[in-house]
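To start, the structure under review is shown below, and the notes come after it.
Read the figures in this text as sums done on the coordinates, not as results from a lab. Note that the structure is a prediction, hence the values are computed from the model and not measured. Note: ideal-geometry Cβ built from the backbone for every residue, glycine included; neighbour counts use all protein chains shown.
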Amino acid sequence: MSKRTISPGGTVTGVVELPGDKSISHRYGILAALAEGKSEIINYASAADCRSTLECMRRLGAEVEVKSDRVFITGAGLDGLKEPRKTLDAENSGSTMRMLSGVLAGQRFSSKITGDDSLRKRPMRRVMEPLKQMGAEITSQEGGRAPLEIRGSKLHGIDYTMPIPSAQVKSAVLFAGLYAEGETTVRESVATRDHTETALREFGARVESLIDAKGAVRIYPRPKLVARQLVVPGDLSGAVFLISTALILPESALTLHNVGLNPTRARVLDFLVSIGGSVKITAVQLRDGELVGDVAVAYSELRGGTVGGTQVAEMIDELPMLAALGPFTEQGIEIHDAQELRVKESDRIATIAAGLRAMGASVEEFPDGMRVSGRSAGKLRGAKVESHGDHRIAMALSVAALGATGDTTIKDADCVGVSFPEFFSTMERLRGAAV
């Protein structure tokens with residue numbers, strides 16, 4: 001396992017072009033394989049998770065060519081996928097497994113999809129249940145765990161109310177709806193990221209947001225999906241680690257170009273501003289259905305605050321980083337209603353709490369969140385900490401280490417490649433010193 005030692009201090013300055021958004025890249029990769037013709041996806045995410053999606057689509061018969069940050073995918077239409085010769089491997093990517101399950105449920109063949117040790121421990125019943133309601137035949141290991149065996153079936157549309165907010169489950173149901181008889185409706189109590197709906201429209205599907213029902217979306221079956229040239233915005237979830245670094249290191253000033261600012265994702269920027277962060281958005285434009293703009297951020301005296309309720313679903317990936325900001329704020333950071341963090345790549349409540357405590361932070365852990373005390377509890381100190389193979393924990397602790405006294409060593413730091421392979425090299429360039 002790799003280790004990385006991080007020395008504290010310095011400033012971050014300059015301009016950053018971020019790698020492509022993970023969430024959008026997954027969806028473009030899947031839909032391009034279902035479209036007719038050759039799609040070109042520019043700034044496709046370098047994340048290992050997104051490469052897993054491409055490899056699965058290749059095994060299903062799509063022609064996939066990768067040239068640097070451009071991906072060319074030749075699809076064969078909605079019914080053009082072929083039975084894979086081997087088990088599909090989503091590796092560490094829950095997005096790949098859950099969303100692709102919706103596509104596989106509507107095929108004329110059977111398939112099996114698995115993942116690495118971490119992914120095989122994560123819950124899949126939540127995606128299996130609505131797909132079974134649509135007529136899918138899916139079996140799993142005990143407890144609804146992968147591998148999943150999916151026998152392609154004749155599907156019918158359903159009107160499904162999500163018990164737990166999940167963009168991945170919503171996406172799986174909408175993808176299955178492409179193959180169903182009759183329209184499919186998904187209802188959410190809390191709006192989750194809408195990249196799937198946007199991408200479906202870009203490729204030619206008929207998707208409606210229901211005016212008379214907040215948080216409801218309907219898809220109509222059997223569209224003709226047409227190949228597109230699309231540009232993936234910079235990944236906002238990855239940007240948050242760089243933004244947080246600039247906020248806590250004195251004299252720092254960063255500009256991040258072409259960042260995805262989808263309203264279902266950008267709540268984290270509003271939160272950072274609300275706790276005193278100097279975060280400004282400029283040059284906003286609509287590109288391929290997605291809002292894109294520049295984000296300028298500078299060192300700030302942060303007050304701290306609380307995250308809970310409907311905010312959680314909109315900031316779920318950013319919560320480990322927000323927790324790690326706690327010791328650099330006046331009042332600390334408190335998180336509630338985030339029990340979903342318990343079933344991510346790691347138990348993110350437990351792992352970020354353990355890492356911060358090892359560095360001297362005062363952390364109170366709740367079943368659904370935590371409270372991380374502010375500056376009055378003392379300055380963080382360097383320590384040996386564990387990422388538990390979780391990319392977002394590794395990056396959050398790396399940022400916290402920059403504001404500590406003394407060096408910090410992070411075990412299994414290379415797991416950042418799952419979402420942001422360029423993270424450490426980008427930080428090195430921006431600091432002008434080894435990280």
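Only one residue of Ser52, Thr114, Pro163 has its Cα farthest out toward the positive end of the dipole of the stretch 22-231, where Lys and Arg carry +1 and Asp and Glu -1 on Cβ, and that residue is Thr114. The order of the peptides 356-365, 320-329 by mean Cβ neighbours within 10 Å, most packed first, is 320-329, 356-365. Overall dimensions of the chain, expressed as equivalent-ellipsoid semi-axes from the Cα gyration tensor (√(5λ), whole Å, largest first), are 37, 22, 21. Within the shell of other residues whose beta carbon sits under 9 angstrom from the beta carbon of Pro84, the net charge comes to +4, with Lys and Arg scored +1 and Asp and Glu -1.
Put a dot 7 Å past the Cα of Arg429, heading toward its Cβ, do the same for Ser209, and the two dots end up 3.5 nm apart.
Mean 1/r over all different Cα pairs, inverted: what Kirkwood radius does the stretch 22-231 give, in Å? Mind showing how you got there, number by number?
Numbers: mean 1/r = 0.0601 Å⁻¹.
Its Kirkwood hydrodynamic radius stands at 16.6 Å.
FRET efficiency for the His257 to Thr139 pair, using the beta carbon distance and R₀ = 35 Å, is estimated at 0.15. Between Asp368 and Lys154, the modelled label-to-label distance comes to 4.3 nm, taking each label 7 Å out from Cα in the direction of the beta carbon. Using C-alpha pairs under 8 Å with a sequence gap of at least 6, the mean separation divided by the residue count of the chain gives a relative contact order of 18 percent. Working ranking of peptides 180-189, 92-101 by packing, defined as the average number of other Cβ atoms within 10 Å per residue, highest first, is 92-101, 180-189. Its DSSP H runs of at least 4 residues, each contributing -39,500 (n - 2.57), put the calculated 222 nm mean residue ellipticity of the chain at -8500 deg cm²/dmol, to the nearest 500.
Given R0 = 35 Å, the distance between the Cβ atoms of Lys3 and Lys224 translates into a calculated FRET efficiency of 0.10. Once you have a ≥ b ≥ c as the square roots of the Cα gyration tensor eigenvalues for the stretch 255-358, tell me rounded if a/c is under 1.5, and otherwise prolate or oblate according to whether a/b is larger than b/c. Note, shape of the stretch 255-358 comes out oblate. Name the residue from Ala205, Gln229, Val173 whose Cα lies farthest towards the positive end of the charge dipole of the stretch 22-231, charges +1 on Cβ of Lys and Arg and -1 on Cβ of Asp and Glu. The residue sitting most towards the positive pole is Val173. In this simple spin-label approximation, Glu301 and Arg85 carry label points 7 Å from Cα along the Cα→Cβ vector, and these lie 6.6 nm apart.
Is the stretch 140-225 rounded, prolate or oblate when judged by the Cα gyration tensor, a ≥ b ≥ c being the square roots of its eigenvalues, rounded requiring a/c under 1.5 and prolate requiring a/b larger than b/c? Oblate shape, in that a/c is at least 1.5 and b/c is the bigger or equal ratio.
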